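Peer 1: So that we are looking at the same thing, I have put the structure below in structure tokens.
The values are calculated or read from the model by the stated rules, or taken from the named source; none is laboratory data. Keep in mind that this is a model prediction, so the values were computed, not measured. Here Cβ is always computed from backbone atoms with ideal geometry, including for glycine, and neighbour counts include all displayed protein chains.
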């Protein structure tokens with residue numbers, strides 16, 4: 001359990017050790033073993049959130065008290081789209097330190113500052129999809145010092161970026177690939193094929209009015225009568241660019257979810273008949289099993 005691959009330190013360096021506090025002086029938020037033996041296991045390839053994080057083995061139970069790899073996979077899949085949005089360079093390291101902690105005799109928790117940095121940068125992205133920062137990741141739970149996991153984020157490229165300010169509206173910044181489409185399906189309650197009739201600015205949001213012809217791809221909790229009067233909102237989208245909303249003549253695969261009394265636009269892809277990636281995603285959707293953000297963002 002003590003063998004760490006050198007590659008780990010490329011991603012999570014340095015690990016901070018301070019002698020001013022004893023481990024007993026800090027009450028950790030989770031006690032992952034709860035009387036059970038910690039065990040090392042290889043990070044499976046289909047644990048997409050953490051498979052390429054920089055080390056090969058993880059501890060179970062993890063720091064979120066998931067006891068089986070099946071449970072870890074089910075919960076972790078909801079976070080993959082957020083990592084792909086690149087809202088902070090430490091997002092994957094922070095999440096994987098909890099979902100797939102590196103295999104050591106004593107688990108290492110992420111530093112509070114790392115949690116706060118990821119939270120502050122990624123919250124605007126999450127809010128665009130109608131999600132708050134979850135209570136289960138309350139940064140006050142993590143240590144200020146003692147032994148904690150950190151990482152270097154001091155490169156000039158990172159310093160030049162404005163955290164939390166996306167250059168493109170997050171639901172519009174999508175690659176047309178099968179896995180990406182399915183991930184957005186998992187994060188959405190419904191998906192439809194339609195054209196956009198009109199886009200209006202509504203305070204800080206954009207109001208997306210659809211054409212009458214709307215073909216359901218995935219209805220989820222959306223009822224047919226709701227589909228007929230569906231109006232979507234791009235949250236905090238008044239000031240960020242969205243190329244799709246500027247080309248109203250095209251068909252789009254539009255995904256969304258209900259938040260309060262509004263329906264939030266979570267993803268928009270151009271419906272390209274010649275796209276093999278789109279065809280594969282629609283075909284796989286019938287048998288694809290995924291958990292939604294609701295299971296995780298509590």
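Peer 1: Collect the residues in region 171-204 that are surrounded by 19 or more Cβ atoms within 10 Å (Cβ to Cβ) and without any contact (Cβ under 8 Å) to a residue 60 or more places away in the chain, keeping them in residue-number order.
Peer 2: 196
Peer 1: Could I ask something else about it? Among 63, 21, 82, 47, which is at pLDDT below 90 and part of a loop (DSSP other than H, G, I, E, B)?
Peer 2: Only one candidate qualifies: 21.
Peer 1: Restricting attention to region 254-270, and to residues there that are crowded, with 17+ Cβ neighbours inside 10 Å and touching a helix residue (DSSP H, G or I) at 6+ places or on another chain (Cβ under 7 Å), which single residue is nearest to residue 232 (Cα to Cα)?
Peer 2: 265
Peer 1: Of all residues in region 196-214, count the ones that are within 18 Å of residue 172 (Cβ to Cβ) and either part of a loop (DSSP other than H, G, I, E, B) or outside the structural domain of residue 184 (by TED's automatic domain parsing) (or both). Lay out the reasoning, then the answer.
Peer 2: Taking region 196-214 first, the residues within 18 Å of residue 172 (Cβ to Cβ) are 196-202, 204-210.
Subsequent filtering for residues that are either part of a loop (DSSP other than H, G, I, E, B) or outside the structural domain of residue 184 (by TED's automatic domain parsing) (or both) retains 204.
Number satisfying all stated conditions: 1.
Peer 1: Something else now. So which pairs qualify, if the first residue must be in region 83-106 and at positive phi and not assigned by TED's automatic domain parsing to the domain that holds residue 59, the second must be crowded, with 24+ Cβ neighbours inside 10 Å and part of a loop (DSSP other than H, G, I, E, B), the Cβ gap must be under 7 Å, and the two must be at least 6 apart or on different chains?
Peer 2: Cβ pairs passing all conditions: none.
Peer 1: For region 215-245, which positions are without any contact (Cβ under 8 Å) to a residue 40 or more places away in the chain and assigned to a helix (DSSP H, G or I)?
Peer 2: 224, 225, 226, 227, 228
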